[in-house]
Amino acid sequence: MARDGMILAQRLDEIVRMRMLLHPKNWKAESVLMMNRWFDYRFTSPLSLTLRFGEIYMEKLRAHIRRHEDVGKADTVNGTREGVPNEPAKWFTILWRARQRADDFFLPYDAYIEFCFDFSSRRKRRWTMLPSQLHPSIKNRDAWLDSFDRFYADRAAALVRSAGEIPQYRLENDLGLPAQVQFREIMLSEMPFSSRRMADQIAERVCG
């Protein structure tokens, strides 16, 4: 089977598995989230993104515990499970929904989860933060969003300039898809605020 055919078969399989494992209310928003999430995730299936989110969450969780609590404890902590279940499972639904909420904040998962753990450490939480607890709560919403806005303002521009290193954003693969058009528009908007070298690199990637 040609590579494109294998990719299509995999995507179809993942769609079937998604619909078997989750209630429709948990996957119907994916078409909207596709244009909200970070550039480099827009051509990856929601199932694969959920697995990636879980892996990054575990890495950041253990790094957080290693730094703030107990080095020996870090490698034994599990805030979620790995892989895809064979049947509907509460932990997987929780992880899926946590990934969806992260998609709404337009950041790579590692930067987003890093912020969540840093915010938690400043609030002096003494318990392991689960995926469903990464996001703002009713009690801390204002403080969380205010802190996130400062974090985003500080990090977003540099992250955007290094985004788009996937084949779908190469000029030769441009089909005028909404995600490709938006990527080029945002990258071009960054050029006036970039160094000469960075501006040249952006122009080469999006203008040819």
Just one listed residue, out of Thr44, Thr80, is among the β-branched types (Val, Ile, Thr), under 30 Å from Leu175 (Cβ atoms) and outside any helix (DSSP H, G or I), and it is Thr44
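Every residue, every condition in (1) at pLDDT 90 or above; (2) touching a helix residue (DSSP H, G or I) at 6+ places or on another chain (Cβ under 6 Å), yes or no:
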position	(1), (2)
Ser147	yes, yes
Arg150	yes, no
Leu171	no, no
Leu175	yes, no
Val181	yes, no
Arg184	no, yes
Pro192	no, no
I need the full set of residues from the range 69-124 which are within 29 Å of Ala156 (Cβ to Cβ), among the hydroxyl-bearing types (Ser, Thr, Tyr) and at pLDDT below 95, in order please. Thr80, Ser120, Ser121
Pairs under 9 Å by beta carbon, first residue part of a loop (DSSP other than H, G, I, E, B) in the range 130-152, partner of a type in the set (D, E, K, R), six or more apart or different chains? Leu134/Arg101; His135/Arg101; Pro136/Asp142; Asn140/Arg123
Identity of the residue in the range 7-29, part of a helix (DSSP H, G or I) and touching a residue at least 40 places away in the same chain (Cβ under 8 Å), that ends up surrounded by the most Cβ atoms within 10 Å (Cβ to Cβ): Leu21
Report yes if some residue within the range 12-19 is more than 18 Å from the chain's Cα centre (by Cα) and closer than 20 Å to Gln180 by Cβ; otherwise report no. no
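The values are calculated or read from the model by the stated rules, or taken from the named source; none is laboratory data. In this text the structure is predicted, and so the values were computed from the model without any measurement. Cβ atoms come from the backbone with ideal geometry, glycine included; neighbour counts cover every protein chain shown.
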